[in-house]
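The block underneath contains the structure these notes are about, expressed in structure tokens.
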Amino acid sequence: MAKKTYLEAACEVPIYDECDVLVVGGGSAGHSAAVAAARAGCEKVILMERFGYFGGDVTGGYVLMIPGLSWHGFNCVGGLQDEWFARLDKNAPDSYLCPTREEVGEKDAFKVERWDLIHGCVDPEGRFLVRAPYYEPTQLKLEFDAMVEEEPNIKVMIHCWGTKPIMDGNTIKGVIFESKEGRQAVLAKVVIDATGDGDIYRQTGASVFYGATKTTDVRQDRSGMTALVWRMGGVDYEAFMRWAKAHPAELLAFRADIDKIAGYRTFPFPAGQNDVVWWNNWLPNLNCANLEDIRYTEFTVRDSVRRLVQFGRKDMACARHA
Ligand SMILES: Cc1cc2nc3c(=O)[nH]c(=O)nc-3n(C[C@H](O)[C@H](O)[C@H](O)COP(=O)(O)OP(=O)(O)OC[C@H]3O[C@@H](n4cnc5c(N)ncnc54)[C@H](O)[C@@H]3O)c2cc1C
């Protein structure tokens, strides 16, 4: 049955501002796009973000770990992402955990054994150290703030939700946004949709598909799964990992237990400090742009947190075998 509709009255939308480059979405991609545009000499960049901070999943989404910044002896990821950690080295050196730039590729048995407790910090065959930082998200938020504040060409618009492209034929001329000040528009020579979900792009009439590739069952890769990741304190993560490595069969049973208790696939990862774990999770065949799927994810994961904490306290196999 066709959905009922409501005919919205035509109205004049105030032009809040105009710029050369408008970036909608201040996650790692949008923030980097804005900083790069400003540093390249763009006269006026606007960075519009629906929440009150930058970083998106990397900070507020508690994604907490950046994998594979090095391989063998090479620090192979540079640019703005390396700058995040160079800034943390200077301003908050204890806020992230991984082998140092100088240590990458090292094969020293003691170091390999130590870092092998931290997922991703040793290559999968257990041969050499890899730079895969686990960081404190609030510290990174502070650096993201500073990076835009250092660029006078960037105007920040936080708590502003980009809702609709302003089109002239096939060309995008700006974006309508909603905020506490009401519905307004920003006009721009170039618009970059960095919303992570293509919020603006998919309304332009351009072709859209879900997933990283069309050749796989796209609903089964990360883009076809939702998550609500969370942190839990009061643990000894390295003790857990030492147990996990010494008891592979029990680890499999542990994984099955927690998935059953949660009702979805989940696993505790390191979180940058030994007494905190990061519960990553994967809820398949859900769409992060579908309201019912979003509700299901939030409620399902939150509802499981007490059960997982209880399991961790009383019944975790590593505790029974300690
Ligand atoms: C549970 C999970 C675990 C992951 N684990 C890892 C990991 O361990 N390591 C890793 O490297 N990657 C991981 N990833 C992938 C990584 O998080 C993403 O690749 C990365 O965050 C994408 O960055 P982005 O800037 O494109 O999007 P996002 O981080 O989603 O940023 C989008 C930004 O746009 C804003 N926004 C959205 N819609 C609008 C709108 N309409 N108007 C204004 N602003 C808007 C959002 O608030 C957000 O700030 C994980 C992803 C998930 C979901």
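The values are calculated or read from the model by the stated rules, or taken from the named source; none is laboratory data. Note that this is a predicted model, so its numbers are computed, not measured. Every residue, glycine as well, gets a Cβ built from its backbone with ideal geometry; the counts of neighbours run over all protein chains shown. What goes into the accessible areas is simple: the full protein's heavy atoms, side chains included, and nothing from ligands, DNA or RNA. Shrake-Rupley method; radii C 1.70, N 1.55, O 1.52, S 1.80 Å.
Only residues in segment 287-298 that are small (Gly, Ala, Ser) count as the first member; pair them with residues that are open to solvent by 40 Å² or more (accessible area, probe 1.4 Å), Cβ under 9 angstrom, at least 6 apart or cross-chain, and list the lot.
Note: pairs meeting the criteria are 289/197; 289/202; 289/210.
One line per residue, one yes/no per condition, for (1) surrounded by 15 or more Cβ atoms within 10 Å (Cβ to Cβ); (2) touching a Ser or Thr at 6+ places or on another chain (Cβ under 8 Å):
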position	(1), (2)
247	yes, no
250	yes, no
265	yes, no
268	yes, no
276	yes, no
280	yes, yes
285	no, no
292	no, no
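Would you pick out the residues in segment 193-239 that are modelled with pLDDT under 90, part of a loop (DSSP other than H, G, I, E, B) and near the ligand (Cβ under 9 Å from one of its atoms)?
197, 225
Identify the residue in segment 17-53 that is under 24 Å from residue 229 (Cβ atoms) and more than 7 Å from the ligand (Cβ to nearest atom) and, among all such residues, is surrounded by the fewest Cβ atoms within 10 Å (Cβ to Cβ).
Per the criteria, the residue is 52.
If you scan segment 167-186, which residues turn out to be open to solvent by 50 Å² or more (accessible area, probe 1.4 Å) and aliphatic (A, V, I, L, M)? Talk me through it step by step, then tell me what you get.
Just the residues of segment 167-186 that are open to solvent by 50 Å² or more (accessible area, probe 1.4 Å), to begin with: 167-171, 173, 178, 180-181, 183.
Correct list: 167 only.
Cβ contacts < 6 Å: first residue farther than 14 Å from residue 186 by Cβ and among the hydroxyl-bearing types (Ser, Thr, Tyr), restricted to segment 22-39; second residue open to solvent by 10 Å² or more (accessible area, probe 1.4 Å) and near the ligand (Cβ under 6 Å from one of its atoms), any location; separation 6+ or different chain. Result?
Matching pairs, first to second residue: 28/58.
Out of 141, 111, 90, 107, which single residue is open to solvent by 30 Å² or more (accessible area, probe 1.4 Å), at pLDDT 95 or above and not in a helix (DSSP H, G or I)? So that I can check it myself, show each step before the final result.
Working: 141 fails: not in a helix (DSSP H, G or I); 111 fails: not in a helix (DSSP H, G or I); 90 fails: not in a helix (DSSP H, G or I).
Of 141, 111, 90, 107, the one residue that is open to solvent by 30 Å² or more (accessible area, probe 1.4 Å), at pLDDT 95 or above and not in a helix (DSSP H, G or I) is 107.
Among the residues of segment 167-189, which ones are under 27 Å from residue 39 (Cβ atoms) and either acidic (Asp, Glu) or touching a strand residue (DSSP E or B) at 6+ places or on another chain (Cβ under 6 Å) (or both)?
Within segment 167-189, 172, 173, 174, 175, 177, 185, 186, 187, 188, 189 meet the criteria.
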